[in-house]
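The values are calculated or read from the model by the stated rules, or taken from the named source; none is laboratory data. In this text, all values refer to a predicted model and were calculated from it rather than measured experimentally. Don't worry about glycine lacking a Cβ; one is built from the backbone with ideal geometry, like all the others, and counts go over all protein chains shown.
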């Protein structure tokens, strides 16, 4: 199957046999095969109805265009005259995930070596059971994981991480020393309170919005000029802000009380950016990479098995990392699948992940 001037379907017939030499030894030819791996039940072999480029197209239709297995079957039949069963299409997607699994090691190493990591998570369904889709992203890597919402899901990946961690207020992130809090989350909550009809909530939220805007403007100014000591310059305002939160930490209004305590509990992480104004103020990067897959979840209702979840996360990681580098992932996926079916090592990524 080629994409030069459009799609063209080709059929390749592979012939295998044996040749006997004069000494009596018989040399057999046979399709390539990747050795069995404990994590996977799906096979990786050249003995397959679907070629590597067609399999890459199926991955694109599923992961990027968010088509269901029946819709992919319909597209292949109507447009390319290829009749594949839903089960075969599902097997192809799992095979693609297994093929790219070794690439994950390189992505994880890049995460560990990065100076700034954005992390976020969103609910996910696996066979109707609640799981979580995690994303860890740097300026060069996007890594997805599907598992529980417990700290151990990301602990192994961040065990050697020593940079800045940007996140929302979820408690598991507090185990990391150099942490940044997303101001966009805090500002949204404060605006919600400022728009409340409850007097205490309105007053508290409006004041928080006013202060956050003041601090944001200071950070933006610091980025344009010489290095500024914002914590010292804004010490009086920060003290007043802290006092305001202390006054409302026992508020009878639940969301006011929660936001006041959130600021106090995460005080250092929230204001780290004042000491390092070159660091980001928001976790928008991680949220942007989750957005496409959140829509996919709403359409597909998630994955159906642990192997399906694993394949989905691995393929999403490679696809988004390629797109982050402005490289089409589909030719690379086809190369990886072809190599792994022969039992060969994974081809190197078509770009550098160096931080």
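Within segment 336-354, does at least one residue satisfy the condition of being touching a strand residue (DSSP E or B) at 6+ places or on another chain (Cβ under 7 Å), surrounded by fewer than 18 Cβ atoms within 10 Å (Cβ to Cβ) and either under 28 Å from residue 176 (Cβ atoms) or modelled with pLDDT under 95 (or both)? The answer is yes, given that some residue of segment 336-354 is touching a strand residue (DSSP E or B) at 6+ places or on another chain (Cβ under 7 Å), surrounded by fewer than 18 Cβ atoms within 10 Å (Cβ to Cβ) and either under 28 Å from residue 176 (Cβ atoms) or modelled with pLDDT under 95 (or both). Among residues of segment 14-28 that are closer than 20 Å to residue 45 by Cβ, those with a Cβ under 7 angstrom from a residue that is outside any strand (DSSP E or B) and at pLDDT below 75, sequence gap 6+ or separate chain, pair up as 16/29; 16/30; 17/29. Does segment 76-84 contain any residue that is surrounded by fewer than 10 Cβ atoms within 10 Å (Cβ to Cβ), more than 30 Å from the chain's Cα centre (by Cα) and in contact (Cβ under 8 Å) with a residue 24 or more places away in the chain? Within segment 76-84 (the criterion being surrounded by fewer than 10 Cβ atoms within 10 Å (Cβ to Cβ), more than 30 Å from the chain's Cα centre (by Cα) and in contact (Cβ under 8 Å) with a residue 24 or more places away in the chain), the answer is yes, since at least one residue qualifies.
Residues that are within 35 Å of the chain's Cα centre (by Cα) and without any contact (Cβ under 8 Å) to a residue 40 or more places away in the chain within segment 230-240 comprise just one, 238. Taken together, 190, 222, 218 contain a single residue that is surrounded by 15 or more Cβ atoms within 10 Å (Cβ to Cβ), touching a helix residue (DSSP H, G or I) at 6+ places or on another chain (Cβ under 7 Å), in a helix (DSSP H, G or I) and modelled with pLDDT of 95 or more, which is 190. Return the pairs, sorted by first residue and then second, in which the second residue is outside any helix (DSSP H, G or I) and loosely packed, with under 12 Cβ neighbours inside 10 Å, the first residue lies in segment 211-223 and is at negative phi and touching a residue at least 12 places away in the same chain (Cβ under 8 Å), the beta carbons are less than 7 Å apart, and the residues are 6+ apart or on different chains. Filtered contacts from segment 211-223: 223/278.
Kindly indicate the residue of segment 225-250 that is in a loop (DSSP other than H, G, I, E, B) and in contact with a helix residue (DSSP H, G or I) (Cβ under 7 Å, 6 or more places away or on another chain) and also surrounded by the fewest Cβ atoms within 10 Å (Cβ to Cβ) among those meeting that condition. Per the criteria, the residue is 250.
Candidates in segment 129-143 are the residues that are touching a strand residue (DSSP E or B) at 6+ places or on another chain (Cβ under 6 Å) and surrounded by fewer than 24 Cβ atoms within 10 Å (Cβ to Cβ); of these, the one that is farthest from residue 288 (Cα to Cα) is 131. Being exposed (fewer than 15 other Cβ atoms within 10 Å of the Cβ) and touching a residue at least 40 places away in the same chain (Cβ under 8 Å) is not true of residue 70. Might you let me know whether segment 42-63 holds any residue that is out of contact with any helix residue (DSSP H, G or I) (no Cβ under 6 Å at 6 or more places or on another chain), in a loop (DSSP other than H, G, I, E, B), touching a residue at least 60 places away in the same chain (Cβ under 8 Å) and surrounded by fewer than 15 Cβ atoms within 10 Å (Cβ to Cβ)? No: zero hits.
Screening residue 119 with (1) in contact (Cβ under 8 Å) with a residue 60 or more places away in the chain; (2) assigned to a helix (DSSP H, G or I); (3) touching a helix residue (DSSP H, G or I) at 6+ places or on another chain (Cβ under 9 Å) gives one miss only, at (2).
Of all residues in segment 160-175, those satisfying the criterion of being touching a residue at least 12 places away in the same chain (Cβ under 8 Å) and either farther than 12 Å from residue 136 by Cβ or out of contact with any strand residue (DSSP E or B) (no Cβ under 8 Å at 6 or more places or on another chain) (or both) are 160, 162, 164, 168, 169, 170, 172, 174, 175. Would you pick out the residues in segment 267-286 that are crowded, with 19+ Cβ neighbours inside 10 Å, touching a strand residue (DSSP E or B) at 6+ places or on another chain (Cβ under 7 Å) and assigned to a helix (DSSP H, G or I)? Residues satisfying the conditions are 269, 270, 273, 285, 286.
So which residues in segment 70-85 are over 20 Å from residue 337 (Cα atoms) and in a helix (DSSP H, G or I)? Answer for segment 70-85, where residues must be over 20 Å from residue 337 (Cα atoms) and in a helix (DSSP H, G or I): 70, 71, 73, 74, 75, 77, 78, 79, 80.
Counting only residues that are farther than 18 Å from residue 291 by Cα and surrounded by fewer than 19 Cβ atoms within 10 Å (Cβ to Cβ), how many does segment 113-125 have? Total satisfying the criteria: 3. Restricted to segment 124-135, and to residues that are assigned to a strand (DSSP E or B) and touching a residue at least 40 places away in the same chain (Cβ under 8 Å), which residue is nearest to residue 109 (Cα to Cα)? It comes out as 135.
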